[in-house]
Structure formats: structure tokens, C-alpha cells
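A.B. asks: There's a structure below that I have some questions on.
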Amino acid sequence: MTAMPAIPLSVGASRVVRGVRVPHVCGDPALSEDRDHELRARIVTTALNALTTPVSTPTLFEPDQTVLEEVAR
Amino acid sequence: MAEAIRVVHYLNQFFGGMGGEAQAYEPVQVKPGPVGPGRALQGALGDQATIVGTLIAGDNYFTEELDAAKPAVEAYLDELRPDAVIAGPAFDAGRYGLACAEVCRIASARNIPAVTGMHPDNAGILTYRNDVLAVSTGTDSTEMVAILRQMATLALKRVRGTELGPAVAEGYVPTGRRQEVMHDKYGYERAADMLLARMAAKPYHSEMCLTGYDDVTPAPPLRDLKDAVIGLVSSGGLVPRGNRDRLVGSKAEQFFKYDIEQVGSLTVEEWESVHGGFGTLILNTKDPNYAMPLSTVRYLEDAGHIKQVYPQFFSTTGNATAVSAARRMGGEIASELTANRVDGVLLVAT
Amino acid sequence: MKLEVGTFPVHDIVFGTQTRWQDGVLSVDKDELLALVMEDPYIAWADIDVTRPGDSVRIVQIRDIVEPKVKVSGPGVTYPGISGRDVTTVGQGRTHRLGGMTLIACSEMPGFNPDGAHWWGTTSVEGRSDITFIDMSGPGAVTPFAHTINLCLQMEPHQESYADDWNRASNAAVLKLNDRLAETTRGFEPHEITTYDLDYRDNALPNIVFVPALASAEYRFGPRTSLGTNVYGIGRLTEPWLLQPTEMIDGAVFGTYMEHFTWPIMETIVPHLCSRHGQEFNFVGCIVVRSNWEAQAEKQLMANRAAQMASALGANGAIVTTNQRGQRFVETVLTVQALERVGVDTVLMTEEEDNENGNAPPLLMSVPEIVSAVSTGTGGVEVTFPRVDRVLGLRQPDPIWYEEKPPIHGRYGVTHLHDFYGFGKQGCMDF
């Protein structure tokens, strides 16, 4: 989980999740508290889903909206 | 006159004149003096060295019956007592390249200088880059004589203890070692010269060959998150406020474990980041969970999305960390997590 | 733009009763210069010393290094925009320089601000400033400044100073001395004049740009900080700046980031490329990429913009440099990639990481587009730095500064040379 996916992808990390910014990888303090919570859940859930995804080479996972529905379920 | 240098040459079944694929299972054998390309090699060595024997083996034999091939080569080397071993060249033939690399490694282990020749992408190089001195070749075996001449030159230098120059200057495949040299020109002159050569489509040598990045086999996916124990690791310099273990802000060589069994969320009252490579104001005044999302993971744990969060988290500072230190720490953390049956890990890199 | 640079060689600097340049000797009225410096109530103590190549001297706690320069004709002032100086576009007319010497400002930076808000410099237990020093003699006299005569301005702030306040005061003092010293050449004919006529273009030659990626200190000190390397006095994160090479020679890019000083940015690759302009290539511009953006998309955007600028300039080739590793290096690598993707042949020149006995690649990260790179070494110096008789830079140097210093093994974040601009002949090669 990193704000700079280019680095881990370049050095061979298998599952890379794009975070927000270096000082706040897992969320965004510029957002309202509710939206920030959503974003955090989205990033972490994307990361957990990445763990269940088969990969053969360094792979980037982009946190997206759909995982939120999964969390809500 | 000093005694001529004794050389043993290694060839596969094809160049050794035994035949093609049908003879690929021929075991290691010796013939006196030079054979096949060995004659051109002897020509290149001139009166400075003598090929006292040629070892020949089938490519399949050598790679598939390595346990038998190795002692056979060892025995022949002990018998022939060469001052140098020259293997190949193998060009882009992978099995032959591996065999040449193995022969060179056996010689090196006996303190006998060894030189081979092959394409930089040959399996022999990819497998044994750090151990093998190989003249860099193309894929065209009509260059044989020129390549053998280079191999002879390198071998004679090695026997005489002459220090080798950089790989591009000497024509060998880089062995993974980088060393400082003094050039004749300033860096900015070299940069301008290199750029001019490139723009004119003339040959140039880049001073950096960007290899050596890890090629990691990905772990198999988790089958079910709901059954998974998830570990947490952060390189964001997170420590209990006060930094009792004195985790450093850069060039870390240590990691620490902190108990989070009873912790639902990292708070600024209890935790801080000592990372020296980015602005930590947000982590230290607002929310340390941005560098390790414990609160979110707990929420998902409570909701049953994962089985459990591992009760300790691993913390270090990822800032100007040496690669070897990072590799060691990563290995230690991974061993401990696997020993404790952790199924998956979230690692936050800041 | 066309700039004439008139050189007044300095073979020696002596203390005297008046400040003037004559026949290669710079006389300095120390009291006059110190009075100028001490005008600023923020400066509690100052002293001036001279050191020459071969002296048993170590210069420590260096804040910045510049060559004295003054504009004698054409618009603007040298080192524009710094500490309130005029921001008129420079790079034209005539600039006089005192050649063979540098002006070195030394002082300790406050570690914590009085309110505890900020750090300056290193945050690790093991400092970095203790390996950035200049030995004027011995086997460790390897920096360019071991071969110049150096006027060292040593200063101390009052207690309880803020890093930013002190940086402004220190910069202003250095530039006051710069002006006073270089002004001594006004009205005299230079020993030598070099003309950089960048208006002249030969359409048969390829066009090249110089693209330094320079870290901004904004992430630590905010957008209005004076700390770090500034362009016309602006240090914040911005989209890339397009500068004429002669603007760089006049000091449009100024200021120290960590231990990366002004002199190497101005006095090395830029004049070298200017000297080959119109002969082997057309040097069509400098694109200064600010690095230290905190999201990858921002870094990517800046790389794209730099490539777009290079394209618009009709560049066929580029030399990209960097000045800091870590996430700051991403802008550099992405810039090389973006330039190559728009068809600009690009050479990356950089210091590299420790090979760790074959265990580590030379750069933090790579992309396939990096196919032509120049290495300026690891920044390490594998010699023992002998004990010295004098230490310049501090009022009361700690005795440890005089002692023999162990070899500096170059590695990530540990560099003695800070050679990102190719001013040395050292480099790493594959063996």
C-alpha cells in the first residue's frame, strides 16, 4: 500500500495498492470525516481483495468504488 | 623461457565434433590437445599457452546429470592440472551456456582462473552472473574466432593476475559488481558526448546497466478472507509516543514489534511517526492510522470480513534503508509471520 | 538571449584596508564586510576567513557556496528574487565573475524551531552534515572547492531562531558580500570574456535541453518557505520552470536543499553545454522540474509537462539530473520516461546507490526507458581524511572536527561529493 506504486512495481513487489499521498497513504484528511472513512475502507478492502487475487507479475490494484458495496454487504 | 601456461578447453558434443542432438547425452570425456574451435583458440593463445586437453560432454547430460558431470570435470581438472580453463563460447545456447558456467564455477572453486563466452541473456549468465567471467557475445557463431581471441586475452590476464578493467572496456558480461573508476572526462562532458552519440545513432556505452531488481514469485492467493489472519507492517516510522526503542528516522537497520491486541485505533496521544523522509505533521497531530490503517482493519474484522488481526504489528522506517538491511528485515518479519500462521499481510510503505 | 561573462581571475585573497580587485588579487577590508553582515540584527556573530588549496583546513557547517558575480550591464541583478532581491529576468548583457574563488557561508542551522514545530536537516541519530565538509589538502581534498580560494563567512544567529528566519538572514548576508566583492570589478575590463549567444541557432544541429529535477522543501516548511532551492526566490512546488541557460548562469536557481549547494547547479554543466552551443548542438533551454510531490499522479503530471515543454522547444535530446533520492527520485525517472516517449533522446546523469557487494541495483527504481546513463559515483570517498590544523565554519568548533576522519563509504543518502552535475571525473562502472 503506497502513494508511489511506480517504486514497488519496479522492484518486484507482487501486489501493489495505490494509496493517496506520502504523508497519508491510507486516507485523505482533506475529505470530510465520512468520505475519508469511505476512502480508507476502499483502500483497505482493495488491499485485502488483492490478497485473494492470483498474480504472476507485479500488479497494481486501484481502489475503486465497487469494493465499497462489498463492504456494505 | 617460462613454462607455457596449461589450458583446458570445454566444448559441448556439437563443437566437440561428436554430433548433434542425438549425442546430447554423451558423458564427460577428454581428448588430448585442441578440438574444433580449440584450434582457433590455440592460435589465439599462440606460444603463451598450450591447450593440454579438451573436455567434451553432451548438453543434456551436463544439465540433467549434473551430479555425475561435476565430479567428472573435477577429476579431469585434477588430472590435467591446468593454469586456466576456457569454456565455449556458447553464444545463445542455453544448456551449453549453463554447462560452460558450471565448468567455470568448478575451476574457480579450485582457484583455477576460468573464462567462458556467451550472450548476456544466456541462462548461464542469468543463473550465475556473479560467479562467471564471460566474454559478451551475440548469437552469431561466425564471430567465433574473434570471440575466442577475446577469451584467450582475458584468460591470460587472469592467469597473470592482471586486474581487469570495467566490463564494457574488456568486453565481458557484467558480474553484478560495481566499482568506482576515474574517467578522463568530467561527468558533464561524458553526458553531452553520450547524448550526441545517441542523437546521431552512433554507438555509446551507458554507464549503468539497470539490472539486479528482485524478481519475486508472488505468494498464492488467499482462498477465503473470512478465515484469514492478517498481519500489519508499516515502514512509516510508527512507534509508541516517546519512541522507547529509539527507532531511527532514516537508514534503519532494525524493526520493532508492538502489541496491538487491545488497540482499536492508533491515536496521536499514544503513537507517533519518527520517519525523517516526509512531513509527519498529519500522522503526528491528526491520525497515525494513515500510515497503518488499524482502525479500518478492526472495523472489517468486527464485520467478519477477516478472521483476525495478528496481535502485534511490525514497524520500521523506510528511508534511505540499505537494500541488504531491508532484505534481511523483510525476511525476518516474514519468517515470524509465517511461523505464527499469519495468512496475509498489509504493508504500508510511506 | 546573449550573455557575456567577464572573468576576473582571483589568484589570492588578502586582508587589507580597502576592498578591491587588482591584478588577480582580491583585497578585502574585513571590518567593512563584517559591518555589512552585522547590519542585520538577526546575526549575533560573524567572522571572515580565507583558505587556499593546500591549507591544512577543514570547512564545516556549510550553508551554501556561490561564485561572486555582478551584472554590469543588462537587466536585473545576479541571484534574483532571493531575500527580497529584484525579480527582473536575468541572463542578458554582461556579468562579471571573480574566477577561481568561492564565497562559502557557514553556520549551524537550528535543529528545532523554538515552537518545536519543524526540523531542519536530518532527523536521524546519525547526522549528515558531519560528512559534508571541505578538506583543503590531503587525500580527501576531492571537492571542486579544494581547488579554489575560498572566502568563508561564518555566522551565528541569536538563540531561539527559526530555521526560515535564519535562512533568509544567512542568504541576505552572503549576497551582500557577493555584491560587494563582485562590484570591485565594475568599470574594469575583464581578463577574459566568454560570450554565450543562445539567440544564434544552427538548424543543421540537434536541439538539446537540460532538465534538472530539484527537490522543493515545501513538504516540510510550507509553500512560502525560503529554505531549499529556489527559482527567482520561489521554492514551492510548481509546474516545471522554463529558463534560459544564461539565466541559470546569472543565479536564477539558488539555494541549498539539505547539503546540495548553489554552485554545482550554476557553474558546471550549464556553462559547459553553453560552451558547445552552436558547435555541436543548440542548447535551447533549461527545464527545472520541482520534485517532492506527494502523489504519484502529480509526479507523473510534472514529468509530462517537462516532456511537453521539451517538445514545444523542438528538443531532440535532453540531459536529466536529480538532487535527492527517495520518493523525490520518482519525478526524475518519470521525466526520463516521459521525454523518451515523446521522442527526445535522454541521458540521465546521477550519483548512484551503494552496490552493497553486488546485492543492490544502482538506482532506487528503474524504467526500461533509461538506456543512456552517466554515473557520477556513489558520492563516497574511500580515503582517511587526515587531522587538520584549522577548522572554519564555527566560532568554537568541537575538537572532533579537527580529528582524522574515517573514509566515507558512499551509499543511499550518504554522499561527501554531492556530484549530481558531473563536476568530477569519478563514476561507477560494471565489473
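A.B. asks: Of the numbered conditions (1) in a loop (DSSP other than H, G, I, E, B); (2) farther than 20 Å from A:Val17 by Cβ, B:Phe278 fails exactly one; give the number of that condition.
C.D. replies: The one condition B:Phe278 does not meet is (2).
A.B. asks: What are the residue pairs meeting all of these: first residue in segment B:109-133, first residue free of Cβ contacts under 8 Å to residues at least 60 places away in the same chain, second residue part of a strand (DSSP E or B) and among the aromatic types (Phe, Trp, Tyr), Cβ atoms under 7 Å, and 6 or more apart or on different chains?
C.D. replies: Short answer, once both residue conditions are applied: B:Met118/B:Phe91; B:His119/B:Phe91; B:Leu133/B:Tyr172.
A.B. asks: Among strands (runs of 3 or more DSSP E) lying entirely in segment C:160-246, which contain 1 or more residues that are over 30 Å from C:Gln300 (Cα atoms) and over 19 Å from the mean Cα position of the chain (by Cα)? Reasoning before the result, please.
C.D. replies: Values: elements: C:192-197, C:207-215, C:241-243.
In segment C:160-246, the matching strands (runs of 3 or more DSSP E) lie at C:192-197.
A.B. asks: For C:Gln61, are the conditions met, namely being surrounded by 21 or more Cβ atoms within 10 Å (Cβ to Cβ), of a type outside the set (A, V, I, L, M), at pLDDT below 95 and within 24 Å of the chain's Cα centre (by Cα)? Before you say what the answer is, go through the steps one by one.
C.D. replies: Numbers: surrounded by 21 or more Cβ atoms within 10 Å (Cβ to Cβ): yes; of a type outside the set (A, V, I, L, M): yes; at pLDDT below 95: yes; within 24 Å of the chain's Cα centre (by Cα): yes.
Answer is yes for this residue.
A.B. asks: Restricting attention to segment B:209-220, does a residue exist that is more than 28 Å from the chain's Cα centre (by Cα), within 25 Å of C:Met429 (Cα to Cα) and either surrounded by fewer than 16 Cβ atoms within 10 Å (Cβ to Cβ) or without any contact (Cβ under 8 Å) to a residue 24 or more places away in the chain (or both)? Write out each step before concluding.
C.D. replies: Of segment B:209-220, the ones more than 28 Å from the chain's Cα centre (by Cα) are none.
No, segment B:209-220 has no match at all.
A.B. asks: Given the condition in contact with a Phe, Trp or Tyr (Cβ under 7 Å, 6 or more places away or on another chain) and at pLDDT 95 or above, answer yes or no: does some residue in segment C:222-230 qualify?
C.D. replies: yes
A.B. asks: If I filter segment B:220-242 for residues that are at the interface with chain C (Cβ under 9 Å from one of its Cβ atoms) and hydroxyl-bearing (Ser, Thr, Tyr), do I get at least one hit?
C.D. replies: no
A.B. asks: Right, here's the next one. Filtering segment A:30-55 down to residues that are without any contact (Cβ under 8 Å) to a residue 12 or more places away in the chain and crowded, with 16+ Cβ neighbours inside 10 Å, which residue is nearest to the other protein chains (Cβ to nearest Cβ)?
C.D. replies: Residues of segment A:30-55 without any contact (Cβ under 8 Å) to a residue 12 or more places away in the chain: A:30-37, A:48, A:52, A:54.
So of that shortlist, the ones also crowded, with 16+ Cβ neighbours inside 10 Å come out as A:36, A:48.
On the way: A:Asp36: 9, A:Leu48: 6 Å.
Per the stated criteria, the residue is A:Leu48.
A.B. asks: Same structure, new question: What pairs can you find where one residue is in segment B:148-170 and assigned by TED's automatic domain parsing to the domain that holds B:Val35, the other is in a helix (DSSP H, G or I), and their Cβ atoms are less than 6 Å apart, with a gap of 6+ or different chains?
C.D. replies: Pairs that qualify, where the first residue is assigned by TED's automatic domain parsing to the domain that holds B:Val35 and the partner is in a helix (DSSP H, G or I), are B:Leu148/B:Ala40; B:Leu148/B:Leu41; B:Leu148/B:Ala44; B:Arg149/B:Ala44; B:Ala152/B:Ala44; B:Ala152/B:Leu45; B:Leu164/B:Glu170.
A.B. asks: Search segment C:382-415 for residues being touching a Gly at 6+ places or on another chain (Cβ under 6 Å) and closer than 30 Å to B:Val323 by Cα, and hand back the single one that is surrounded by the fewest Cβ atoms within 10 Å (Cβ to Cβ). Explain how you work it out, then say what you get.
C.D. replies: So in segment C:382-415, the residues touching a Gly at 6+ places or on another chain (Cβ under 6 Å) come out as C:383, C:385-386, C:408-410, C:415.
Restricting the remaining residues to those that are closer than 30 Å to B:Val323 by Cα gives C:383, C:385, C:408-410, C:415.
On the way: C:Val383: 16, C:Phe385: 22, C:Ile408: 22, C:His409: 14, C:Gly410: 25, C:Thr415: 24.
Here the answer is C:His409.
A.B. asks: Something else now. Can you pull out the residues in segment B:19-41 that are over 33 Å from the mean Cα position of the chain (by Cα) and buried (at least 20 other Cβ atoms within 10 Å of the Cβ)?
C.D. replies: Of everything in segment B:19-41, those that are over 33 Å from the mean Cα position of the chain (by Cα) and buried (at least 20 other Cβ atoms within 10 Å of the Cβ) turn out to be B:Pro34, B:Val35.
A.B. asks: Which condition does C:Thr322 not pass, out of (1) closer than 23 Å to A:Pro5 by Cβ; (2) more than 15 Å from the chain's Cα centre (by Cα); (3) away from chain B (no Cβ under 12 Å), if it passes all the others?
C.D. replies: C:Thr322 satisfies all of (1) closer than 23 Å to A:Pro5 by Cβ; (2) more than 15 Å from the chain's Cα centre (by Cα); (3) away from chain B (no Cβ under 12 Å) except (2).
A.B. asks: Select from segment C:47-98 the residues that are among the hydrophobic types (A, V, I, L, M, F, W, C) and out of contact with any Gly (no Cβ under 9 Å at 6 or more places or on another chain) and write down the one among them that is nearest to C:Asp29 (Cα to Cα). Don't jump to the end; show me each part of the working.
C.D. replies: Step one: list which residues in segment C:47-98 are among the hydrophobic types (A, V, I, L, M, F, W, C), which gives C:48, C:50, C:57, C:59-60, C:62, C:65-66, C:70, C:72, C:77, C:82, C:87, C:90, C:98.
From what's left, out of contact with any Gly (no Cβ under 9 Å at 6 or more places or on another chain): C:48, C:50, C:57, C:65, C:70, C:98.
Values: C:Ile48: 10, C:Val50: 12, C:Val57: 22, C:Ile65: 21, C:Val70: 19, C:Leu98: 17 Å.
The extreme case among them is C:Ile48.
A.B. asks: Further question on the same structure: Go through (1) under 22 Å from the mean Cα position of the chain (by Cα); (2) more than 23 Å from C:Ile134 (Cα to Cα) one by one and return the number of the condition C:Ile48 breaks.
C.D. replies: So C:Ile48 meets the others, but not (2).
A.B. asks: Okay, next question. Hey, which of the strands (runs of 3 or more DSSP E) in segment C:326-429, taking only ones fully inside, have at least 3 residues that are not β-branched (Val, Ile, Thr)?
C.D. replies: C:345-350
A.B. asks: Would you confirm whether any residue within segment B:169-186 is in a helix (DSSP H, G or I) and either of a type in the set (Ser, Thr, Tyr) or crowded, with 18+ Cβ neighbours inside 10 Å (or both)? Even if it seems obvious, please write down each step before you answer.
C.D. replies: Step one: filter segment B:169-186 for residues in a helix (DSSP H, G or I), giving B:169-170.
After this cut, where a residue has to be either of a type in the set (Ser, Thr, Tyr) or crowded, with 18+ Cβ neighbours inside 10 Å (or both) as well, the list is none.
Checked segment B:169-186: no residue is in a helix (DSSP H, G or I) and either of a type in the set (Ser, Thr, Tyr) or crowded, with 18+ Cβ neighbours inside 10 Å (or both).
A.B. asks: Taking into account only those residues within segment B:157-193 that are at positive phi and within 20 Å of the chain's Cα centre (by Cα), which is farthest from the other protein chains (Cβ to nearest Cβ)?
C.D. replies: Looking only at segment B:157-193, we keep the residues that are at positive phi, and these are B:161, B:171, B:176.
Of the ones still in play, those that are also within 20 Å of the chain's Cα centre (by Cα) are B:171, B:176.
On the way: B:Gly171: 12, B:Gly176: 4 Å.
Of everything passing the filter in segment B:157-193, B:Gly171 is farthest from the other protein chains (Cβ to nearest Cβ).
A.B. asks: Kindly provide the set of residues from segment C:185-219 that are closer than 28 Å to C:Arg63 by Cβ and surrounded by fewer than 20 Cβ atoms within 10 Å (Cβ to Cβ), ordered by number.
C.D. replies: Filtering segment C:185-219 for residues closer than 28 Å to C:Arg63 by Cβ gives C:185-186, C:210-219.
Across segment C:185-219, the qualifying residue is only C:Arg186.
A.B. asks: Could you grab me the full set of residues in segment C:20-52 that are among the β-branched types (Val, Ile, Thr) and assigned to a strand (DSSP E or B)? Working first, answer last.
C.D. replies: Initially, segment C:20-52 is screened for residues among the β-branched types (Val, Ile, Thr), giving C:25, C:28, C:37, C:43, C:48, C:50-51.
Once the filter is applied, which keeps residues that are among the β-branched types (Val, Ile, Thr) and assigned to a strand (DSSP E or B), segment C:20-52 yields C:Val25, C:Val28, C:Ile43, C:Ile48, C:Val50, C:Thr51.
A.B. asks: Identify the single condition in (1) over 23 Å from the mean Cα position of the chain (by Cα); (2) within 18 Å of B:His9 (Cα to Cα); (3) assigned to a helix (DSSP H, G or I) that B:Leu154 does not satisfy, given that it satisfies every other one.
C.D. replies: Tallying (1) over 23 Å from the mean Cα position of the chain (by Cα); (2) within 18 Å of B:His9 (Cα to Cα); (3) assigned to a helix (DSSP H, G or I), B:Leu154 fails exactly one: (1).
A.B. asks: May I pose another question? B:Gly138 fails exactly one of the following numbered conditions: (1) part of a helix (DSSP H, G or I); (2) out of contact with any Lys or Arg (no Cβ under 9 Å at 6 or more places or on another chain); (3) closer than 28 Å to B:Asp215 by Cβ. What is the number of that condition?
C.D. replies: (1)
A.B. asks: Quick one: would you say B:Tyr310 is assigned to a helix (DSSP H, G or I) and aromatic (Phe, Trp, Tyr)? Please lay out each step first, then the result.
C.D. replies: On the way: assigned to a helix (DSSP H, G or I): no; aromatic (Phe, Trp, Tyr): yes.
In short, no.
A.B. asks: Taking the condition of being crowded, with 20+ Cβ neighbours inside 10 Å and touching a residue at least 40 places away in the same chain (Cβ under 8 Å), how many residues in segment C:276-308 meet it?
C.D. replies: 17
A.B. asks: With respect to B:Tyr290, is the statement that it is modelled with pLDDT of 95 or more, under 40 Å from the mean Cα position of the chain (by Cα) and within 13 Å of chain C (Cβ to nearest Cβ) true? Give the derivation first.
C.D. replies: Values: modelled with pLDDT of 95 or more: yes; under 40 Å from the mean Cα position of the chain (by Cα): yes; within 13 Å of chain C (Cβ to nearest Cβ): yes.
Here the answer is yes, as B:Tyr290 does meet what is asked.
The values are calculated or read from the model by the stated rules, or taken from the named source; none is laboratory data. What you are looking at is a predicted structure, and each value in this text was computed from that prediction instead of being measured. Cβ sites come from the backbone with ideal geometry, for glycine too, and all protein chains shown count toward neighbours.
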